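Rule-based calculations on the coordinates, nothing more; no lab input. Just so you know, these numbers come straight off a predicted model, no measurement behind them. FYI the Cβ positions are ideal-geometry reconstructions off the backbone, even for glycines, and counts take in every protein chain you see.
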Amino acid sequence: MATMTRDEIFEKVRESLVEALSVDDSDVTESATLTRDLGAESIDILDIVFRLEKAFSIKISQEELMPRDVLSNPEYVVGGKLNSAGMTALRERVPDADFSQFEADPKIDKILDVFTVGTIVNFVQSKLNRA
């Protein structure tokens, strides 16, 4: 695949999210969160990943976007919250996400709030650059 601009990647991500989540394309902005703004649920992540793989001809493992092994590890999760070692592991596994707000209250059940459309665009751009 030829090198794509960030705008081109964003447009394909937008199309994938509109199809997967049945939202209006004007709602899909860089800062929109997948859960709070676009209404995605954890089951929707599978559909989103499938659509991104198809749109960009890439392979995405579930762990790349949602490292469940970190989020379910008792060494990292205490009382339903990620500890500092868990935050470090999460940042290493998902370097394209901004965890600054999540860090203030790292409840595992709020992890999907971290993922914005911009996070997905960054992820895809990094993945394409590595290919």
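The single condition from (1) free of Cβ contacts under 8 Å to residues at least 24 places away in the same chain; (2) at positive phi; (3) not aromatic (Phe, Trp, Tyr) that residue 85 fails is (2). Can you tell me which residue among 53, 63, 103 is more than 27 Å from residue 15 (Cβ to Cβ) and among the acidic types (Asp, Glu)? The unique qualifying residue is 103.
All conditions in (1) in contact (Cβ under 8 Å) with a residue 24 or more places away in the chain; (2) out of contact with any Ser or Thr (no Cβ under 7 Å at 6 or more places or on another chain); (3) of a type in the set (S, T, N, Q) hold for residue 73, with the sole exception of (1).
If a residue must be in contact (Cβ under 8 Å) with a residue 24 or more places away in the chain, β-branched (Val, Ile, Thr) and assigned to a loop (DSSP other than H, G, I, E, B), how many such residues does segment 4-40 contain? Result for segment 4-40: 3.
If I filter segment 75-131 down to residues being within 14 Å of the chain's Cα centre (by Cα) and polar (S, T, N, Q), which single residue comes out as farthest from residue 56 (Cα to Cα)? Selected residue: 116.
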